[in-house]
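The values are calculated or read from the model by the stated rules, or taken from the named source; none is laboratory data. Predicted model, so just to flag it, every value in this text is computed and none were measured. Positions of Cβ are generated from backbone atoms using ideal geometry, with glycine treated the same way; all protein chains shown enter the neighbour counts.
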Amino acid sequence: MSLPPKTRLYLGYLCATLAGYALVAGILLYALVPLKWIILIVAGLLGLALLAVAVSWLLPLSVDGMLQNPGREILQEEDRKLLAMALSEHPSQADLDTFLAGWDIEAAPIQSVMLMAYLMQSRPDLAFPAAITPRLEGVLRFCRFQNLKRFAHLSRFGGELNRQKIPFVVLKGGAMKVYRPDFPRWMGDIDLLVREQDFDRAEQAGIDLGYYPVRVRHSTDLHPSGDLKEGLLDLHKYLEMNTGKEMAYSGLLLQRSSPCTMFTVQGLLPVPEDMVFISLVNLFKNFAERNSMESVLTAFFDIGFLVRTKEDFDWTLVRENIRLTGTEFQVWLVARFLSGIVKGILPESFLEERFSRREAERRCVSLLYDRDVLAPFRKKALDFDLYVAIDSHRPLLHLLRSRRIGLFLLLHLRKLPGWERLALKYRYALGGAAMK
């Protein structure tokens with residue numbers, strides 16, 4: 001019998017509450033009455049059974065909500081309207097006037113103001129109020145100035161890679177500067193990709209130049225010495241997609257990229273099709289890591305620009321990248337989100353579900369876990385040594401191999417001391433194996 005969502009929600013939380021009472025009662029009875037072990041085992045089994053029922057009712061609600069409206073917490077209605085205008089091929093003066101009537105440039109985040117500035121610069125036929133025109137022009141100048149420091153570091157580090165004959169691909173914002181030189185793009189750092197066999201040498205080159213390395217599984221952030229909050233360069237040996245198939249694509253990306261002189265150094269520039277694919281996958285990562293909605297706005301604008309400025313854009317190449325990396329669900333979810341804002345940028349075939357319901361649920365569970373448990377803690381732990389902590393607690397983490405039970409427990413034990421650290425260890429101990 002299928003129950004209404006609200007009924008399943010109430011029953012799920014009731015079972016979760018009863019599970020907690022059963023476990024507490026078992027512990028109390030263990031201390032007060034004979035046959036302690038039998039009582040504790042019975043109470044434990046009852047509690048776990050109720051917990052399993054709660055998970056089976058509650059988790060699909062979150063999954064269904066995400067599939068129906070992906071990214072709903074990232075973009076507000078005002079952001080969606082602004083993005084729709086910026087990506088529209090024919091924005092009207094009436095739509096612009098209506099939007100500006102309720103838009104406060106003083107309260108808007110910098111990336112939203114940047115999108116409005118892009119619209120002003122790309123559509124000279126639209127009339128903008130004299131009160132905000134100088135501010136929009138000033139934001140473009142400010143962003144261009146801010147990026148000069150990152151480009152200077154790229155020239156310094158890239159020059160050393162050139163000297164050591166280490167080829168590198170410039171990704172994301174750095175590459176968009178080449179494709180779209182008149183539109184300064186807000187960047188937290190500049191992403192570079194090198195061959196896996198060159199990664200250690202490239203990292204050491206950065207260290208020798210005085211950068212401080214912060215290592216994760218797939219990349220090393222190179223920071224100014226002693227300042228972990230300011231990102232400059234992000235050196236990748238592969239692009240993280242949590243599918244286990246990233247390395248094959250990294251090699252293909254390096255082969256397909258073309259030589260280009262950028263910022264006084266010789267690097268490799270990805271083709272627009274690879275740029276769009278990387279943006280789509282990275283948007284899914286933004287959903288999972290709760291990266292700012294400003295990053296989402298920028299990525300969507302990049303995709304729209306790349307697709308519409310290349311007349312012979314080859315979607316077959318993008319589909320081949322999706323197949324090679326096993327990112328069908330990730331791209332589908334992002335495509336559904338983007339198509340809900342602006343139609344026509346992505347082909348309709350990208351909205352076809354080419355995965356099972358079980359696969360969708362598994363991916364959504366991982367996304368929910370990353371978004372609601374891991375992402376908040378990551379923001380507090382830039383210098384936390386993840387792998388030392390994980391290796392020292394592996395026996396305990398084997399008890400949490402059930403991703404569903406582990407997710408549910410960690411989401412509902414937030415008030416316990418140390419829950420955040422346990423959540424972080426749990427996520428990285430699984431290492432993506434549950435998602436394959």
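Annotations for the structure displayed:
- Residue pairs whose Cβ atoms lie under 9 Å apart, sitting 6 or more positions apart in sequence or on different chains, and linking a residue in segment 240-259 that is in contact (Cβ under 8 Å) with a residue 24 or more places away in the chain to a partner that is loosely packed, with under 15 Cβ neighbours inside 10 Å and of a type in the set (Val, Ile, Thr), are Glu240/Val216.
- Whether a residue is over 22 Å from Ser258 (Cα atoms) and either in a helix (DSSP H, G or I) or touching a strand residue (DSSP E or B) at 6+ places or on another chain (Cβ under 8 Å) (or both) was assessed, and Gly159 does not pass this test.
- Residues that are of a type in the set (S, T, N, Q) and either surrounded by 13 or more Cβ atoms within 10 Å (Cβ to Cβ) or within 14 Å of Phe263 (Cβ to Cβ) (or both) do occur in segment 162-183.
Here is a yes/no grid of residues against (1) surrounded by fewer than 16 Cβ atoms within 10 Å (Cβ to Cβ); (2) modelled with pLDDT of 85 or more; (3) within 22 Å of the chain's Cα centre (by Cα):
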{"site": "Ser258", "(1), (2), (3)": "yes, yes, no"}
{"site": "Thr264", "(1), (2), (3)": "yes, yes, no"}
{"site": "Asp274", "(1), (2), (3)": "no, yes, yes"}
{"site": "Val281", "(1), (2), (3)": "no, yes, yes"}
{"site": "Lys285", "(1), (2), (3)": "no, no, yes"}
{"site": "Phe305", "(1), (2), (3)": "no, yes, yes"}
{"site": "Glu320", "(1), (2), (3)": "yes, yes, yes"}
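- Selection status of Glu328, among the acidic types (Asp, Glu), crowded, with 16+ Cβ neighbours inside 10 Å and not assigned by TED's automatic domain parsing to the domain that holds Val169: yes
- Within segment 105-122, tally of residues that are buried (at least 16 other Cβ atoms within 10 Å of the Cβ) and not β-branched (Val, Ile, Thr): 10
- Against the criterion of being without any contact (Cβ under 8 Å) to a residue 12 or more places away in the chain and part of a helix (DSSP H, G or I), Ala94 qualifies.
- Residues of segment 162-190 satisfying the condition of being over 15 Å from Leu232 (Cβ atoms) and among the small types (Gly, Ala, Ser): Ala175
- Single match in Gly102, Gly188, Gly138, Gly159 (criterion: over 30 Å from Pro224 (Cα atoms) and surrounded by fewer than 21 Cβ atoms within 10 Å (Cβ to Cβ)): Gly102
- Taking the conditions (1) aliphatic (A, V, I, L, M); (2) under 23 Å from Val342 (Cβ atoms); (3) assigned to a loop (DSSP other than H, G, I, E, B); (4) at pLDDT 90 or above in turn, Leu100 satisfies each one other than (3).
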